[in-house]
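Just below is one structure, and these are the notes that go with it.
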Amino acid sequence: MKAVVIEEFGRATLRDIEQPVLRRPSDVIVQVAAAGVCQTDLETIQGGLVAAYGVPQFPYVPGHETTGWVHEVGDAVTAVTVGDAVVLHPVSTCGVCAACRRGADMYCPTRTFPGVDGSTPGGWAEYIRVDERALVRVDADADLLALCPLTDAGLTAYHAVQRALGTLPRGTDAAVIGLGGVGLFGLQFLRAAIPGRIVVLEPNPAKTTLARELGADDVVTSVGARAQAHAHSIAPDGYSLVFDFVGSSDSADIAVALAARGGTVSIVGAGGTLTIDTLTAVVAELTIQFNLVGTHTELEALVRARTPAIRSPYTSYALADFEHAINDMRAGRVVGRPLLIP
């Protein structure tokens, strides 16, 4: 089959590799309909995730945002049948550990993370092997391209918003830093949940109109200290909820600085370093949350409840054009998710 493989850090190529086969009774082979491209994939290619997952087993297939059709099932599989349209949760879990039993799938100590963990091949290919527990069956006529960004970008944003809302009353103001693939969903879920003011900090002016269409009351397009000052001028007492969908050192520091007393800072993007004065944080009684994807139950609820009001923008590319998709994403030319279509 055709697949994008990381040959070594910094070098990915399209080539023929062996199609995955069933190994365990609970295995499912999925024919890929679409696979998303996100910042995590770029970090995987460049070696930015070594601290978390070690050095991958090269050649390694990236991609953790996937939809498709069931191609083959193991003897013990009962959740799906051949031909079913499915969306894939980014991780496969054991189902029997304490974390899985309480519904906290992402804490499963034996989970696999296809396309990310360095040993389990991902979705930038014509076929992928996963455990049946990772699958959510959808209607046969479901738009698998529009659903694809929900499997990670949408799920991560939904998980973060739900966690943060649990700490505060509904009538609060919020700031959203970054309107990339995850931030677009975060803004929409937040707008549906709170009546208060939402301010978006996004330096790309091309996204201003979209931000307002999706529910932003104000959009700050300046950067760094000027962006922080502008956002503070809108809400001098700070924001009860601040979401950082960028995850750089600068964005994380700005997120903390914008939080109101008793506020919650939700860090969703990753890659930077958070610097915080503990005395200031204690006096303000800040809550800081970090988020990794979401649970299987949340994905199922998100897919089942999705309405046309939740927009899932994407740009599709042939699998062979993966480098074009990566370059467009890095240059900020894509609104929403780049999708690779085998």
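What follows is calculated from the coordinates using simple rules that are stated; it is not laboratory data. These numbers come from a predicted model, not from an experiment. Because the Cβ atoms are built from the backbone with ideal geometry, glycine has one as well, and the counts that use them run over all protein chains shown.
Annotations
- Structure-based [θ]222 nm, the chain - -39500 (n - 2.57) summed over DSSP H runs of at least 4, per residue, nearest 500: -8000 deg cm²/dmol
- GLU213/ARG23 FRET efficiency (R0 41 Å; Cβ-Cβ; nearest 0.05): 0.35
- Per residue, the convex hull spanned by the alpha carbons of region 186-236 comes to 67 Å³.
- Local net charge near VAL5, Cβ-Cβ under 15 Å (Lys/Arg +1, Asp/Glu -1): -4
- Taken along its principal axes, the alpha carbon cloud of region 155-290 reaches lengths of 39, 29, 28 Å, longest axis first.
- Measuring r between the beta carbons of HIS232 and VAL335 and using R0 = 35 Å, the FRET efficiency lands at 0.80.
- Full-stretch length increase - ARG311, THR297 - with 0.36 nm per residue and alpha-carbon distance subtracted: 2.9 nm
- This ranking places TYR317, TYR53, TYR127 by how few other beta-carbon atoms lie within 10 Å of each, fewest first, which gives TYR53, TYR317, TYR127.
- Region 196-260, relative contact order in percent, only Cα pairs under 8 angstrom and at least six apart counted: 27
- With contacts taken as Cα pairs under 8 Å at a separation of at least 6 residues, the chain carries a relative contact order of 18 percent.
- With both labels modelled 7 Å from their Cα along Cα-to-Cβ, the ALA51 to ALA193 distance reads 2.7 nm.
- Cα centroid of region 141-210 to Cα centroid of region 65-125, whole Å: 25
- The ASP141 and THR81 beta-carbon pair, evaluated with R₀ = 22 Å, returns a calculated FRET efficiency of approximately 0.85.
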